[in-house]
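Rule-based calculations on the coordinates, nothing more; no lab input. Everything quoted here is computed from the prediction, not taken from an experiment. As a convention, Cβ positions derive from the backbone with ideal geometry for all residues, glycine included, and neighbour counts pool all protein chains shown.
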Amino acid sequence: MDLFTIISILMVLVAIFAYLNFRFLKLQTTIGTMIISIVFSLIILGLSKLFPELIKFEKVIVGSIDFKKLLMDGLLSFMLFAGAVHVNINELKSQKWKIVAFASLGVLISTAFVGGIFFWVLQQIGMPLPLVHCLLFGALISPTDPISVLGILKKVGIKKSMETTIVGESLFNDGVGVVIFLTLLQFANAGNLDGIEPLGIAENFLVEIGGGLLFGYALGRIAHKAISKINSYETEVLITLGMVMGGYALAGKIGVSGPISMVVAGLFIGNKTYRQEKKETTVDYVDKFWELIDILTNAVLFVLIGMEIVLIPFTQQLILVGVLAAIVVVVSRYLSVSALIMLLRKWLSFDSKTSLLMTWGGLRGGISIAMALSLPADVSWYYIVPVTYLVVICSIIVQGLTLEKVIVRITK
């Protein structure tokens, strides 16, 4: 089956699932389309004995798409830029130290908590994995997803400072999580944690994270200079599109964080170019273009997450581990947020409900699945991938569907 046919079938399914969600479920688009996609895949699995060609057909479609490449080398750049371009940078600045702490040190602490607790749980149920593999799982599951939670928080009308902290953390912690994951993967490939060089890790962080910040700022300035000299929405859309695609590809080539570069560039363009300068004729068009790209890329991603179920090897034992891991991730999130608040309380002020809100608002998304799928087979691939998938599904469905009620209850 050729690529165009596969993309066409996928887009038809995305359109059908989005329609069914809007018509009947009326859930947030990403959550609703993913739920319908999972139900669709389960129905196909149920009918596979009667109509084996159906399951083969879905496996051909999903198997022809490299999920990791599609997300990490494609959709992620659009999603992060589109998310950041609509964020008010002045609001981020008001919470900057909290965001920096949660998006960096918070991910490290969460990785340690998830990895350590998951390692202990697996030992108790007779399914031990090497500690470094458990820490890898902690690193890939710790980044939170800005896409899933953004629409929900805006709808609920949570306190602005809290919304800004949660969204800001989610925008930046993807890049940090990827760096930690890749660092731990080197040790996992070596089979142990020996030979860890703190200076080497710090240098890697500085290059990836610091380089991503600077590169994103440079991209934003260049695009801003070009856009400020014209007043044509068609050309401006093309400039931002070229900056996102070319900039993300170049970031990977020069060894800096592409995700962080896109967030910084999005914040710069959204605020410096389209908030400070009054270009009323073009702002609306550019805004709506990236809003549509945001909806489209997320719909495709979450439909694919739902359809991936036919390719992931599940067993009853792994389903049990996945459920336990989902609980471990939530508990670890609460512990890591609480620990960081205790460390920083002397310098920063926090609301009394911060730990609870950030725990339940910390949804996991496609980037965790993409990192899991990128693991080599000898790094517990057949354990970590199904468990990661189940944790992400539980997070999006359970936390996503109840987040609004939890926020209302907590903030009463």
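What the table shows:
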read-out	value
Helix-derived mean residue ellipticity, 222 nm - over the chain, DSSP H n ≥ 4, -39500 (n - 2.57), to 500	-24000 deg cm²/dmol
Among Ala101, Met307, Val121 - extreme Cα towards positive end, dipole of the chain, charges at beta-carbon	Ala101
Spin-label pair Ile9/Trp347, simplified geometry with 7 Å Cα→Cβ offset, distance in nm	5.4 nm
Partners for Lys288 among aspartates and glutamates (Cα-Cα distance below 18 Å; same-chain residues under 8 apart left out)	Glu234, Glu236, Glu277, Glu280
FRET efficiency, Lys59 to Leu25 (Cβ-Cβ, R0 22 Å, nearest 0.05)	0.25
Isotropically averaged projected area of the range 302-412, using the convex hull of Cα atoms (one quarter of hull area), nm²	8.4 nm²
Theoretical gain in end-to-end length, Asn90 to Ile222 [0.36 nm per residue, Cα-Cα removed]	45.4 nm
Helical segments meeting 27 Å axial Cα length and Kyte-Doolittle 0.0 threshold in the chain (DSSP H)	105-124, 160-190, 233-254, 280-307, 316-344
Label point distance in nm, Ala249-Asp287, each placed 7 Å from Cα along Cα→Cβ	3.1 nm
Exposure rule at most 16 other beta-carbon atoms within 10 Å, DSSP loop chymotrypsin sites (Phe, Trp or Tyr not before Pro): the chain longest free segment	1-313
Using a Förster distance of 51 Å, the FRET efficiency for Val398-Val100 (Cβ separation, nearest 0.05)	0.95
Cα-centred dipole magnitude for the chain, charges only on beta-carbon of K, R (+1) and D, E (-1), debye, nearest 20	1240 debye
